[in-house]
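A short worksheet on the structure shown next.
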Amino acid sequence: MIIAEKKATIKSLVYASIGFALLFGIFIAFTNGIWYALIAGPITGALWGLMMYLFVNARKVKEQTILEGVEASEVIYSGGANHLKNAEAVGGTLYLLSDRLAFKSHQVNIQNHTLAIKINNIQDIIFYSTLGLIPNGLKIILKDAAEEKFVVNYRDIWKKNIQILIDQSNSQIA
C-alpha cells in the first residue's frame with residue numbers, strides 16, 4: 001500500500017470511528033445515561049477504529065486479494081476498495097492493469113468474487129457520493145449499459161488513469 005493510500009485509509013477510519021462513537025454514544029445515552037455514554041462512546045469508537053485498522057492491514061487479507069498470474073510490474077494503480085454488489089459492499093482490492101480493471105475480494109465477505117472489466121468495454125466513469133454524502137464513489141458504465149460501483153480512495157486518480165487507458169484503446173482502434 002502506498003503512503004498516500006495508507007494516509008487516506010487512516011483518515012477514513014478516523015472519520016468512521018468518530019461516527020461510530022457518536023452513534024453508539026447516543027444509543028448508550030438512552031439506555032444507560034449520559035455520563036456512561038460520555039465514557040463508553042469514545043472508548044468503543046477508538047477500539048472499533050483500531051480493530052478496523054488492524055483488519056485492513058492484516059497480512060492474511062492482503063494475501064487473499066492478490067491477483068494470481070499478475071506481476072507487480074503489470075499493475076498501473078491499485079488500492080483497497082468496496083465493490084457494491086447487490087446489497088453488500090464487498091471489500092477487497094481494485095487493480096488497474098493495461099488491459100483491464102480487476103477487483104478481488106477478501107474472504108470476510110458474503111459474496112466473495114473476482115471481477116474483470118476490459119478497458120475497451122468501459123463507456124464512461126462517473127463520480128458519485130456514497131450514501132449521498134461521502135464523495136468516494138466511482139461508477140463504471142459499460143458499453144452494454146451495465147454499471148459497476150466501487151468505493152475507493154483518490155477516485156480522481158482512478159478516473160484519470162482509467163481514462164488515459166480508454167483514450168489509448170480508442171486511438172488504437174481508430
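The values are calculated or read from the model by the stated rules, or taken from the named source; none is laboratory data. Bear in mind the structure is a predicted one, so any value in this text is a computation, not a measurement. We place every Cβ from the backbone using ideal geometry, glycine too, and count neighbours over all the protein chains shown.
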Next item on the list: Tell me which residues, restricted to the range 150-174, are surrounded by 15 or more Cβ atoms within 10 Å (Cβ to Cβ) and among the aliphatic types (A, V, I, L, M).
Entry: Val151, Val152, Ile157, Ile162, Leu165, Ile166
Note to self: With surrounded by fewer than 14 Cβ atoms within 10 Å (Cβ to Cβ), in contact (Cβ under 8 Å) with a residue 12 or more places away in the chain and assigned by TED's automatic domain parsing to the domain that holds Gln168 as the only criterion, which of Ser78, Ser129, Ser98, Ser105 stands out?
What the structure shows: Ser98
Checklist line | Hits in the range 53-65 (condition: surrounded by 12 or more Cβ atoms within 10 Å (Cβ to Cβ) and modelled with pLDDT of 75 or more) | finding: Tyr53, Lys62, Gln64, Thr65
Checklist line | Ile157 closer than 24 Å to Thr65 by Cβ, β-branched (Val, Ile, Thr) and at pLDDT 95 or above | finding: no
